[in-house]
Amino acid sequence: MSLIWIAVIVLGAVGLIAAVVLFVASKKFAVEEDPRIAQISEVLPQANCGGCGYPGCSGFAGACVKAADAGSIEGMLCPVGGQPVMEKVASILGMEAAAATPKVAVVRCNGTCENRPRVVEFDGVRSCRVALMTGTGETACAFGCLGCGDCVNACQFGAIKINPQTGMPEVDENLCTACGACAKACPRKIIELRPKGPKGRRMVVKCVNRDKGVVANKVCKASCIGCGKCVKACPFEAITLANNLAYIDPEKCRLCRKCEEACPKGAIHAVNFPPRKPKTEAETPAQENKN
Amino acid sequence: MKTFRIGGVHPAENKLSAACPIKKAALPKQAVFSLYQHIGAPAKPVVAKGDEVKVGTMLADADGFVSAPVFSSVSGKVAKIDAIVDASGYRRPAIFVDVEGDVWEDSIDRSETLVTLKDRPELTAQDIVAKVKAAGVVGMGGATFPCHVKLSPPPGSKAECVVINGVECEPYLTADHRLMLEKPDEILVGVALIMKAVQVSKAYIGIENNKPDAIKLMTEKAAAYPGIEIVPLQVKYPQGGEKQLVQAITGREVPAPPAIPIQVGAVVQNVGTAYAIYEAVMKNKPLLERVITVTGKSVKQPTNFLARIGTPMSQLIEECGGLPEDTGKVIGGGPMMGKALMNLDVPVCKGSSGLLIMNNKEARRGEIQPCIRCAKCVSACPMGLEPYLLATGSALKNWELVEENDITSCIECGSCQFTCPSNRPMLDNIRMGKSTVMAMIRARNAKK
Amino acid sequence: MANKLIVSLSPHVHGHDSVQRNMYGVCLALVPALIASLVFFGVGALIVLATSVLACVFFEWAITKYILRRDKVTIGDGSAILTGILLGFNLPSNLPIWIIIIGALVAIGIGKMTFGGLGCNPFNPALVGRVFLLISFPVQMTTWPVTGQMTTYLDGETAATPLAVMKEAIKANDPSVLEKLPDSLDMLIGQMGGSLGEVSALALLIGLVYMLVRKIITWHIPVSILLTVFVLSGLLHLYNPVYASPVAVLLSGGLMLGACFMATDYVTSPMTAKGQLVYGVAIGVLTVVIRTFGAYPEGMSFAILIMNGFTPLINTYCKPKRFGEVIKK
């Protein structure tokens, strides 16, 4: 019996001493932190993706508090949580959140296996940055996607996958949080964050080849050759041409899809539109007959 | 016998073309001159489409101090100024010249007679550096660093000796070896010129002892040149790395980057560069041609060519008996540090020391297995680094860790990957880590 | 040209060294000791070794295939065979088959595969298996048959090993007990009781030389261990003759096997020469301390396992000397 008592007393004493030490330590070494930081951290997604540009969510929370103390939290955006989260953050800080346009990652290259022939075989670590060091990668295109999936590895949300058929990364728009990690990881800066557009619809030039038309045409069937037909076709002056590349300004674009028809290379893509009405399909053979 | 202190590996030498005398390559139909044939700013074109050029006419001038002019190595008409995929794998601006005849500029002395320093006692150090600069001479060993920069030591440093690299530690390549056998006097005069330019009285020419004929010949000839000593070295890769060579010969270790050999008083040049300097100063001949080894186990006739710069590689391969059927990889340079070419229209550049053709089987890397932590990479690293740690750290993007472990000291010699029993692609990852860390350091310095 | 050119970063050649070459190289280096064990223990050694190797290979195959579900089964790389041989070498030749199989399961399953397989294990798998058996089955693991019984397996005649004699001498504080030790030549050849692979120091040394010549391992670990043990036990012997002579200590027990083959295991030993020396010296010190003052007569396996645990720490602090670290002027 006494054995049990000894055990209980010893264990109890050890527990008590440990508790006292812990209590003293927690009081003595406590780090004072603005309580708002903890509150903000709670509403953040806690993915620690770094998409905001700060080291993790608590870093972002600290930056928000600092910005609020300085007067405004404008420009602070958690790309993952988006507007709803920023509104919560703003309410904690007693401010109004600025309106932000929802964005999505856009892969600006359509150099699929079919469009862009592989001229050499790359042997080495499957990393775009390593492939880049060997030269232009497996294709002759000095600007396009290398297809080794650095963006896939960078994505914390599983929103990008390499399509094995095309060898190209594809963004799942439902999962994409526009954190920008893929854009940062891409050594050729092919991925860009773009406004989602009304109902997710937008027009995109899927090519980044800045070479002259002749060269760009040779390396890829779907390259933008900078011919400028889309510029002429656009009724809203939304398209500009620079470095042998067309650029569609999402602010000005009214989604009329005229540029898509005008592009001789099929480099302009209409995203998330419903399938074309049968009318247009009927038109095409008619045109062919005329020719 | 001397060699460098730590690390190193012994790749199979395969010097197939060692007995083959240097052969003049045929003139190409069209020569292509890349404007990026050196480290530093690209050259600026000074000719226009349609201009007539002779052999030795300047096509593009140096743009800044760390840069070098490019000269036409053929006579004919400028066809276009465009871009070509060069040995780096990138499209870069280049000048295309259609070849007509072989007319040389009158200023170039084309005679074979040897001109020594005794014949030209009026040459000063400044004259030599100016002539080297004007002739567009760059490091011929492959690094292509503009030569006049090395010959003008930065303020605060003093050259004490000249170290000449006749090591040719890369397997397969024999260009420097043949040059030493066929132009020993010219090389020695070139070395004497370098000594005069940097105002030192001592020069060492390091030659690995797998070239006994070159060591013998050069030692005999060097007796006539005061201050030049031939140093036979043990065969070990990467002895041709300038830090390793300086350490092997002088015993001094160049500190970690950004230090360069001049900080321990050494000026390092390649034998090919010494020859180019001789021609530039004594013969008034800009850098027009170079010795390049075209080799490989499946090549019919491995050959050392004296090729005009701008000659397409495909033409040299044809002269060696054509591209073998089972070619898997074509490498510009040696097998340890050379660069795999994407196509064969790449022109010969100032830094092209060799062209190695590997068959499909040789060209493929072995199957990657898990790291067994055998530490062979650690003992092979000539810089005293821990390649296994740097490779894993880089793959996991732990940039702080790899920076702390001196990734920037890596000379990318490939000894670690060569020796790895698990075929791990270590250098792929280390290169990625090194470039990232260098960019981080640059960004930090820019902030300051 | 029919096929596309291959593009990769340098180096474009490889030294043709491989995991297999190293693993089978070590196996080959173990052949002299294997022959010695067959000569001394006959059929018992054969049964124990065969069971151990087969069980290790089987467990590795089964675990990669059915538990880890990897596409590639790695038994071809030779590491499981090596673990099997080393485990067998550490067992007495009269151990029942079922105990050996448990040992193999612990060695491969817990010692190696739980950490991810080859290259990831912090502790030497064969030693994990052996120590597990030593603690779980102390009686079976510490009764060693005497040499020369060619046809017996489980029912062989047993006797005290030199290590037990040394321990007895220390306990009795009587140097005359040490006279029971076999003479040095017998101990060198292996004419004594012990685990089946550890008895013949000569055969093990031949293996070590082979590994050094083929550059499978470097000299740092074995030499530092053997030297440390020799010096330390020599000092003890001079201080009090009740401690056995350094030669007897070197030749007895698993010291030679441990120093040449177990401590030099790639995966669990430090990466740099400096680190390997620290590791070797520490193993030597621990071995002598455990042998002299500990409860067990043999301390080699514990010493190695303890230092395996310190290997990551050694790797962090023992860096190779970088090129150009000290500027000679």
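Computed about its Cα centre, the charge dipole of the range A:103-277 is approximately 600 debye, with only Lys, Arg, Asp and Glu carrying charge at their Cβ. Total buried accessible area between C and A, probe 1.4 Å, nearest 100: 700 Å². Of all aspartates and glutamates in the structure, the ones whose alpha carbon falls short of 16 Å from that of residue B:283, not counting any fewer than 8 places away in one chain, are B:105, B:106, B:109, B:112, B:119, B:122, B:127, B:185, B:186.
For residue B:364 and residue A:113, what does the FRET efficiency come to when R0 = 22 Å and r is the distance between their Cβ atoms, rounded to the nearest 0.05? Don't jump to the answer; show the numbers that get you there.
Numbers: r = 21 Å, r/R0 = 0.97.
Efficiency computed from Cβ-Cβ geometry: 0.55.
Net charge dipole, chain B: roughly 880 debye, given to the nearest 20, about the Cα centre with Cβ charges of +1 for Lys and Arg and -1 for Asp and Glu.
Projecting the Cα positions of B:212, B:382, C:244 onto the charge dipole of the protein assembly as shown (unit charges on Cβ atoms of Lys, Arg, Asp and Glu, taken about the Cα centre) puts B:382 furthest along the positive direction.
Placing dummy labels 7 Å off each Cα toward the beta-carbon, the span from residue B:102 to residue B:44 is 3.4 nm.
Leaving out ligands, DNA and RNA, calculate the buried accessible area for the pair B and C with a 1.4 Å probe, summed over both sides, in Å² to the nearest 100. Display every interim value, and only then the final one.
On the way: alone 19210 and 16020 Å², together 30680 Å².
The buried area between B and C, both sides summed, comes to about 4600 Å².
Interface burial in the range B:232-263 reaches 50 Å² or more for B:253, comparing the full protein assembly with the chain by itself; accessible area from heavy atoms with a 1.4 Å probe. In chain B, the calculated helix contribution to ellipticity at 222 nm averages -8000 deg cm²/dmol per residue, counting -39,500 (n - 2.57) for every DSSP H run with n ≥ 4. Accessible surface calculations at 1.4 Å, restricted to protein heavy atoms, place the protein assembly as shown at 43 Å² per residue. Remark: accessible surface ordering of B:442, B:308 (largest first) is B:442, B:308, probe radius 1.4 Å. Bridgeable lysines around residue B:361 (alpha carbons under 23 Å apart, same-chain partners fewer than 8 residues away excluded): B:15, B:297, B:300, B:329, B:339, C:4, C:72. Across C:24, C:210, the residue with the most accessible area heads the list, and the full order at a 1.4 Å probe is C:24, C:210.
Would you kindly state the longest site-free stretch of chain C, with sites defined as GluC sites (Glu not before Pro) in a DSSP loop (not H, G, I, E, B) surrounded by at most 14 other Cβ atoms within 10 Å?
C:158-324
Counted over all Cα-Cα pairs of the range A:132-291, pairs farther apart than 29 Å make up 23 percent.
Among B:62, B:224, B:94, which one shows the highest mean-square fluctuation when chain B is modelled as a Gaussian network with alpha-carbon springs under 10 Å? Between B:62, B:224, B:94, it is B:224 that shows the largest mean-square fluctuation.
Of the trypsin sites (Lys or Arg not before Pro) in the range C:178-250, which ones lie in a loop per DSSP and count no more than 11 other C-beta atoms within 10 Å? Present the calculation step by step, with values, prior to reporting the outcome.
Values: sites: C:180, C:214, C:215; in loops: C:214, C:215.
Answer by residue number: there is no such site.
Look at where the Cα atoms of the range C:248-274 and of the range B:1-46 average out, and the two centres are 47 Å apart. Just to be sure I understand: with springs between alpha-carbon atoms less than 10 Å apart, which residue in C:104, C:36, C:62 has the highest mean-square fluctuation in the Gaussian network model of chain C? Most flexible of the set in this elastic network: C:62.
Among the trypsin sites (Lys or Arg not before Pro) in the range C:234-322, which ones are in a DSSP loop with at most 16 other Cβ atoms within 10 Å of the Cβ? Mind listing them? Intermediate results must be reported in sequence, preceding the final value.
Values: sites: C:274, C:291, C:321, C:322; in loops: C:321, C:322.
Loop-located and lightly packed - C:321.
The label point for residue C:313 and the one for residue A:13, both projected 7 Å from the Cα toward the Cβ, are 3.0 nm apart. Principal axis extents of the Cα atoms in chain A, from largest to smallest and rounded to whole angstrom, are 107, 50, 36. The fraction of accessible area contributed by carbon and sulfur in the protein assembly as shown is 60 percent, rounded to a whole number (1.4 Å probe; ligands and nucleic acids excluded). Stretching residue A:165 away from residue A:39 to a fully extended chain increases their span by 40.8 nm, per 0.36 nm per residue minus the current alpha-carbon distance. Rounded to the nearest whole angstrom, the semi-axes of the ellipsoid equivalent to the range B:125-282, taken from the Cα gyration tensor as √(5λ), stand at 21, 19, 14, largest first.
Counting only protein chain heavy atoms and rolling a 1.4 Å probe, the accessible areas of C:31, B:9 rank, largest first, as C:31, B:9.
Each distinct pair of alpha carbons in the range C:20-141 adds a 1/r term; the inverse of their mean, the Kirkwood radius, is 14.3 Å. Given a 1.4 Å probe and the protein chains as shown, residue B:47 ends up with an accessible area of around 20 Å². Pull up the DSSP beta bridges for the protein assembly as shown and report the antiparallel fraction as a percent, rounded to 5. Bridges in the protein assembly as shown that DSSP calls antiparallel: roughly 70 percent. When the charge dipole of the protein assembly as shown is built from unit charges on Cβ atoms (+1 for Lys and Arg, -1 for Asp and Glu) and taken about the Cα centre, the candidate among C:223, C:11, B:223 whose Cα reaches farthest toward its positive end is C:11.
Give A:189/A:212; B:350/B:376; B:158/C:274 a once-over and call out the pairs whose C-alpha atoms are over 25 Å from each other. Provide the component values of the computation, followed by the final result.
Working: A:189/A:212 19 Å; B:350/B:376 35 Å; B:158/C:274 36 Å.
From the list (A:189/A:212; B:350/B:376; B:158/C:274), the Cα-Cα distance tops 25 Å for B:350/B:376; B:158/C:274.
Averaging Cα coordinates gives a centre for the range C:76-132 and one for the range C:50-70; these two points are 11 Å apart.
With an 8 Å Cα cut-off and a minimum separation of 6 or more residues, compute the relative contact order for chain B in percent.
Values: 1034 pairs, mean separation 85.1, N = 448.
That works out to 19 percent.
Only helices enter this figure: runs of n ≥ 4 DSSP H residues, each worth -39500 (n - 2.57), summed and divided by the residues of chain A, yield -11000 deg cm²/dmol at 222 nm to the nearest 500. Considering only B:441, B:405, B:415, the residue lying farthest towards the positive end of the dipole of the range B:376-447 is B:441, judged by Cα position with unit charges set on Cβ. Taking a Cβ cut-off of under 15 Å around residue B:173, the surrounding Lys, Arg, Asp and Glu residues balance to a net charge of +1, with basic ones at +1 and acidic ones at -1. A cut-off under 10 angstrom between Cβ atoms defines the neighbours of residue B:346, and their net charge, with Lys, Arg +1 and Asp, Glu -1, is -1. Magnitude of the Cβ-charge dipole of the protein assembly as shown, K/R +1 and D/E -1, about the Cα centre, nearest 20 debye? Dipole size: approximately 2440 debye. Comparing B:413, B:161, B:371 in a Gaussian network model of chain B, where Cα atoms under 10 Å apart are tied by springs, the biggest mean-square fluctuation is seen for B:371. In terms of its C-alpha gyration tensor, the protein assembly as shown comes out oblate, because a/c is 1.5 or above while a/b does not outweigh b/c. Neighbours of residue C:302, meaning other residues whose beta-carbon lies under 12 angstrom from its beta-carbon, give a summed charge of +1 when Lys and Arg score +1 and Asp and Glu score -1. The range B:206-252 and the range B:399-434 have Cα centres lying 28 Å from one another.
The values are calculated or read from the model by the stated rules, or taken from the named source; none is laboratory data. This is a predicted model, so every value here is computed, not measured. Cβ: placed from backbone, ideal geometry, glycine included. Neighbour counts: every protein chain shown. Remember, those area values only see protein heavy atoms, side chains included, never the ligands or the DNA or RNA. Shrake-Rupley method; radii C 1.70, N 1.55, O 1.52, S 1.80 Å.
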